[in-house]
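Have a look at the structure below, then the notes.
Derivation of every value follows stated rules applied to the coordinates shown; laboratory data play no part. Everything quoted here is computed from the prediction, not taken from an experiment. Cβ placement follows ideal geometry from the backbone for every residue including glycine, while neighbour counts extend to all protein chains displayed.
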Amino acid sequence: MRHYQSPMLTSVPLTTEQTLLTGSHERIPVIPIDPGFTYNYYEEE
Amino acid sequence: MKNQCYILFLLLWTIAACGKISNEVIVLPQAVKSDIWLLEDQSDQKIAGKPGGGVATAEFKEEGSKTHTELSGDGTYAKVIWNPGDSFEMITYNSSTGKYPYTVYTTSAGGEVADFSYGSTLTIAPFYCVYPTISKVTQYGGTCAFGVTIPITQTATAGSISPGSNVSFCRTNTQNSDFHFLNSGSFVKFSLSGSAVSSVTSVTFKGPNTMAGDCIMMVEEDGTPVVTNEIYFPGDVKSNQVTLTGSFQTGVDYYLTVIPGTQDGFTMTFSDGTNSKTLVSNKTLSLNRSIISDLGTIDIGSDLIDDNKNAILYVQATSGKTPVSIAVISEGFKQEELSDFEMLAKSGIDMMFSVEPFKTYKEYFNVWILKVPSNESGSSITDGSGTVITPKDTYFESRWGSETYTDMTANLDKVLAFVSNNCPDVVNGIHTGSEVATLMIINDTRYGGICHSYTNSRCLGMVPYVYSGRTISWNYPNKEAANESTMSGGTRTVTNAEKTALGISQGDWRNIMLHEFGGHGFSRLLDEYWYEGYKSATTAITSHSYTVPFGLNISATYNDPPWQSALLDNLSTLESINPLYSRIGVYHGGDVSIFNRWRSEKISCMMDNRRYFSTWQRILIVKRILDIAGETFNLNTFFSKDDPTDPLRDIVSSATYGSVTEKIPMKVMPMLPEPVMHEE
């Protein structure tokens, strides 16, 4: 399975052994964080 | 000239497109405005490009096409999923032609690992792959710099990020390989609870520093993408906030994509288009690249109405007979901006109490955050000599010049009356208004900062939110006295090596606050820098004999300075306790005068705004704290608690700086004016 059209600027041909050109992303770790939506001390009314 | 170039570009582009020659883009050179390292260039915009050279900005045509990646995962990590139709762009740089050949890859199937087809083969390694497709690239510091955008407004998507917001990057030396992309952004995850959630149509996440918009992405030697806000393409738009729009439900995860960086405090505003509720946090968020910061479930309650408490006791004294009271007041913040003020106030106060000796003696302080709205945002602009030329209707009538900062002032009587009538420590009879050190945070991003000090303890530190929290730096003077004891030797040039050894002070508006309010205002210290070519001081320092002495950190004589008995006479003992005390001495220059004024250490906050007060300054600050608190100062007790570490010189940063990061320029600014003294 190949996915490319006729190259326009080719000087380095693709190898025929290459069957897939794939794209993937690194996985993203999740870190819990206390948002801290509280005042530290007394609030004046 | 710019328009002519643009027309020429369009013409050439049309010819190229009609002829279908190739998809190699035309390079459009632009004149660079000025060397971005020049001090004179104080504009808030930097131009991407080599300093002193031309900017080569390539433009592409497929910007923003088909960008849909989404997230999935098990809660401990997220996978990035391609959607059918997603495209990324492969770009190379031909240094001999100065052009950027490119091709676009597209997947028809999607998935965590997706097959891509592409239009043409490129020949010049390395190949840079950017998702989503981009429109701008240039050379900066010998490497490619890509114009990318993390959207300021994003779409609320249940369980995933806003489509197109995950700017990602892959560098490879062969076009025949599989492409593994690194995410350049950082992510914030949250869910909501409370009956008001169903009416929410937007959630705005805001911090003190830039977190979204147009920015430049470069790549470290190891292939890691780095997004910087310090270099700009002309016309780039940035923001300190990201707004997520759409409908929201309880129990559903939502994500924001932001530019990596540290946010010292943040707010989240939940709005239904008419009413809103803002939650303020003093939490420091380290929003690192390719990390999801999960804020958990946020309860917004049953309504979208702000609490609107006007006086917040942010720091509460637990030691001393009398609290050492500080008031932080808002200026130029409209009613709906008071949560921004609260965030900045907390961020600034947290920073001050991270610096010695405030850190060790925090238990003596009451810090009140007092909110008062202005009718307009910002501050009035003067001609630099006190005459307002662009008025703003602000509560305390703050004002200063565009080019000079020496006339910076406000309605000082109104400030005192406000603190007297609204600071609970005054209302309750603990202090008079004049005894409460007052910090005014101004909702204006112009450079500035000054302190109004009085012969009694009254003071007002005026500090704007300079450059929207951007990093700025200050230098040691270029010249100094050649002889420490007399002016007979004239001046000498300070070498770059000497400046490097002292550390280059980098910070933000809070460093100005530390100097103006923490140093001049509360601590009653004089400046320790000098203006090159400034007049030589010839008189005694009259402020030493004020009702509350001011400027005891500066001596008018080389012999027997104020720190003689406490420090110089005990120097060998102190050095045996900690070698860092060997920095104590008698150094020529200070109080804005290059000659005939002396300071106790080579460098400190009162010189370049760094987070370090000299040993003698720390003693003076602690004396002041204990005097107000009703306790007796003891030198031995002081040294038993003292920490003489200068973070800039003595602590190796845990951050790793790559080759690209080191190329990012610093914005060097002049020191601000000396304090304005008033009789009272």
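Under the rule of -39500 (n - 2.57) per DSSP H run of 4 or more residues, summed and divided by the residues of chain B, what mean residue ellipticity at 222 nm is obtained, to the nearest 500 deg cm²/dmol?
Working: 12 runs with 102 residues, N = 680.
The per-residue figure over chain B is -4000 deg cm²/dmol.
Distance between the 7 Å Cα→Cβ label points at A:Asp34 and B:Leu580: 2.8 nm. Compute the Cα gyration tensor for segment B:240-315, then decide on rounded, prolate or oblate, letting a ≥ b ≥ c be the square roots of its eigenvalues: rounded whenever a/c is under 1.5, prolate when a/b is larger than b/c in the other cases, and oblate in all that remain. Because a/c hits 1.5 or more and a/b fails to exceed b/c, segment B:240-315 counts as oblate. To the nearest ten degrees, helix B:338-352 and the longest principal axis of the Cα atoms of chain B are 60 degrees apart. Of the two radii for chain B, the radius of gyration is 1.01 times the Kirkwood radius, both from the alpha carbons; that is the Rg over Rh value.
May I ask what percent, to the nearest 5, of DSSP beta bridges between residues of chain B are antiparallel? Can you show the working numbers first?
Working: 92 of 128 bridges.
Bridges in chain B that DSSP calls antiparallel: roughly 70 percent.
Given contacts defined as C-alpha pairs under 8 Å and at least six residues apart, what's the relative contact order of chain B, whole-number percent? In percent, rounded to a whole number, it is 10.
Between the helical axis of B:615-629 and the longest alpha-carbon principal axis of chain B there is an angle of about 70 degrees.
Counting other Cβ atoms within 10 Å, keep those with at most 14, restrict to DSSP loop, and tell me which GluC sites (Glu not before Pro) in segment B:458-549 are left.
B:Glu484, B:Glu532
Between B:Asn478 and B:Ser536, the contour length at 0.36 nm per residue exceeds the Cα-Cα span by 19.2 nm. Which longest run of chain B has no exposed loop site in it, a site being trypsin sites (Lys or Arg not before Pro) in a DSSP loop with at most 15 other beta carbons within 10 Å, and the site itself not part of the run? My reading of the result: B:62-308 is the longest stretch.
Restrict the search to segment B:218-327; then list the GluC sites (Glu not before Pro) that DSSP places in a loop and that have at most 11 other Cβ atoms within 10 Å of their Cβ. Don't jump to the answer; show the numbers that get you there.
On the way: sites: B:Glu220, B:Glu221, B:Glu230; in loops: B:Glu220, B:Glu221, B:Glu230.
Answer by residue number: B:Glu221.
Between B:Asn421 and B:Thr360, the modelled label-to-label distance comes to 4.1 nm, taking each label 7 Å out from Cα in the direction of the beta carbon. Rounded to the nearest 0.05, the FRET efficiency derived from the C-beta distance between B:His678 and B:Ser286 at R0 = 41 Å is 0.45. Calculated on C-alpha atoms, the gyration radius of segment B:311-678 divided by its Kirkwood radius gives an Rg/Rh of 0.95. The label-point distance for B:Leu635 and B:Gln249, in a model that sets each label 7 Å from Cα toward Cβ, rounds to 7.2 nm. Rounded to the nearest 20 debye, the dipole magnitude of chain B is 620 debye, with +1 charges on Lys and Arg beta carbons, -1 on Asp and Glu beta carbons, and the Cα centre as origin.
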